[in-house]
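Okay, structure first, notes after.
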Amino acid sequence: MINGLPGTVTFHPSAVPQKPQGEAVAEQRPAENQAENHAEQMMDVMDDMAMVLSQFNRRQYGKDENISQLPASEQKNSTEGAETKLDRVVKWFAASGRSVREFLDYVRNLFPDPSDYVMALRSLLRKLPFSAEEADEIDAEIEQLLYGEYAQETRAGINIALKIRQYAPVTQLDCAQLRMVYRSYISWKFDILYLWKVWLEQYRKSRVRSLLNYVRDSLVCDMAAALPSCSHHSEFGELTTRLHTLNQLISLNDMFHQKIASLDCTEPVLAEETRMNQLLISGLGDYEAFQTETESLLAAAEDDKNRPLILQRLIVIFGEIPDVLFLQEAGKEQVVSFLKALMSKIINIL
């Protein structure tokens, strides 16, 4: 927006004191060193965050550990499914003869999330013998939630809940765990590469692909519920960027393993999923580790003649990865240059 542009400040040469060239160079070097130190500190911090997140996810996603570390009230909610709660409502309503308002309060207490509340009411409308007047009152409650002040959040929650049911079988995670996965993704304010690294360490690539698809579809639900207006442009733009990055990660996840699997050589080391995942992640974010892991991978090859084939395939793979997925601005160029130099070295040796 034009009115939103900050005012520019003009500096006149006469107002800036001129320093000898030697002093200028001396000042430039500390600045460069400071920038390098800052970058190293940021990488250390991000590594620490990835480790903490990994520990957090292991506590949250592990079923046995998850139950043991939750408060008693949340333990009950984690083990008691939605169907069990609905059965409780049916028995309570049949035995109590309470009013519709008391019924709504009781259901809301069991399903505090607005989207869960709406879905529970819809299900109970089909299960319980309400009169026409009672059904109208319940419908009015649902309408108020779907079109009231928090309509967008409620609708998004309903759609995400449906996605959770869809992806629970393929991800082999229950509904509470999948909801935690999406919440951890939404609240994660740093590069998704670190979150993806945690998932790859915990699950096989097929489950990670399903997780990425689930998170992407849930994000689309959130975006569909939002209003892309001027007052929400910054938030909507961030969601669009996240969606684009997720699509790129899904494509990368498929492309990497397909190209490795289709390589015309039989090397057991290429079938080590954990090792290959780590190589890919290091290539995107840790150049020094990538160098070490690539050399270790080649050293583990049983046939020396397969090493150039492996390197050539890695050059193709990292050459096709979009620049934006690399943590460093020149990360792609750096990785590809290293692989090509290593290729020349190996060819000369052979």
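The values are calculated or read from the model by the stated rules, or taken from the named source; none is laboratory data. Here the structure is a predicted model, which means the values were calculated and not measured. Note: ideal-geometry Cβ built from the backbone for every residue, glycine included; neighbour counts use all protein chains shown.
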Residue within segment 274-287 that is in a helix (DSSP H, G or I), of a type in the set (Phe, Trp, Tyr), within 27 Å of the chain's Cα centre (by Cα) and more than 20 Å from Phe190 (Cβ to Cβ) present
no
Over 13 Å from His257 (Cα atoms), surrounded by 15 or more Cβ atoms within 10 Å (Cβ to Cβ) and touching a residue at least 60 places away in the same chain (Cβ under 8 Å), is that true of Leu298?
no
Single match in Asp323, Asp286 (criterion: modelled with pLDDT under 95, among the acidic types (Asp, Glu) and buried (at least 17 other Cβ atoms within 10 Å of the Cβ))
Asp286
Taking the condition of being within 17 Å of Met276 (Cβ to Cβ) and part of a helix (DSSP H, G or I), how many residues in segment 296-341 meet it?
20
Entirely in segment 92-183, the helices (runs of 4 or more DSSP H) that have 3 or more residues that are touching a residue at least 12 places away in the same chain (Cβ under 8 Å), closer than 30 Å to Met223 by Cβ and in the same structural domain as Leu211 (by TED's automatic domain parsing):
151-171
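Here's the yes/no breakdown for (1) of a type in the set (Gly, Ala, Ser); (2) at pLDDT 90 or above; (3) surrounded by fewer than 16 Cβ atoms within 10 Å (Cβ to Cβ); (4) more than 22 Å from Ile160 (Cβ to Cβ):
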position	(1), (2), (3), (4)
Asp105	no, yes, yes, yes
Arg108	no, yes, no, no
Pro114	no, no, no, no
Val118	no, yes, no, no
Leu121	no, yes, no, no
Lys127	no, no, yes, yes
Ala132	yes, yes, yes, yes
Ala135	yes, yes, yes, yes
Asp139	no, yes, yes, yes
